[in-house]
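Everything on this sheet refers to the single structure shown next.
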Amino acid sequence: MAKPTPLQFRNILVAALAAAGFVWSVVVGMQWWVSAIIGCACVLSLASAYLNRPGAN
């Protein structure tokens, strides 16, 4: 397994923070669209980490 690149590490960190923010927004009871935006940020960060993996063309 290849070592993650700095960009992948940053994307995974942002995804983890966005996931925590999503859970917090649901627990606190924020409006649904705020939770949706935070959830999309998590998904996009994970997708970016996957697409920037070493050896991806």
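The values are calculated or read from the model by the stated rules, or taken from the named source; none is laboratory data. On a predicted model such as this, the values are computed, not experimentally measured, just so you know. As a convention, Cβ positions derive from the backbone with ideal geometry for all residues, glycine included, and neighbour counts pool all protein chains shown.
For the range 15-36, a residue qualifies if it is over 24 Å from residue 2 (Cβ atoms) and surrounded by fewer than 14 Cβ atoms within 10 Å (Cβ to Cβ), and the qualifying residues are 20, 23, 24, 27, 28, 29, 31, 32, 33, 36.
Would it be correct to say that residue 13 is part of a helix (DSSP H, G or I), out of contact with any helix residue (DSSP H, G or I) (no Cβ under 6 Å at 6 or more places or on another chain) and of a type in the set (A, V, I, L, M)? Reasoning before the result, please.
Values: part of a helix (DSSP H, G or I): yes; out of contact with any helix residue (DSSP H, G or I) (no Cβ under 6 Å at 6 or more places or on another chain): yes; of a type in the set (A, V, I, L, M): yes.
In short, yes.
A single entry from 17, 51 fulfils the requirement of being of a type in the set (A, V, I, L, M) and at pLDDT 95 or above: 17.
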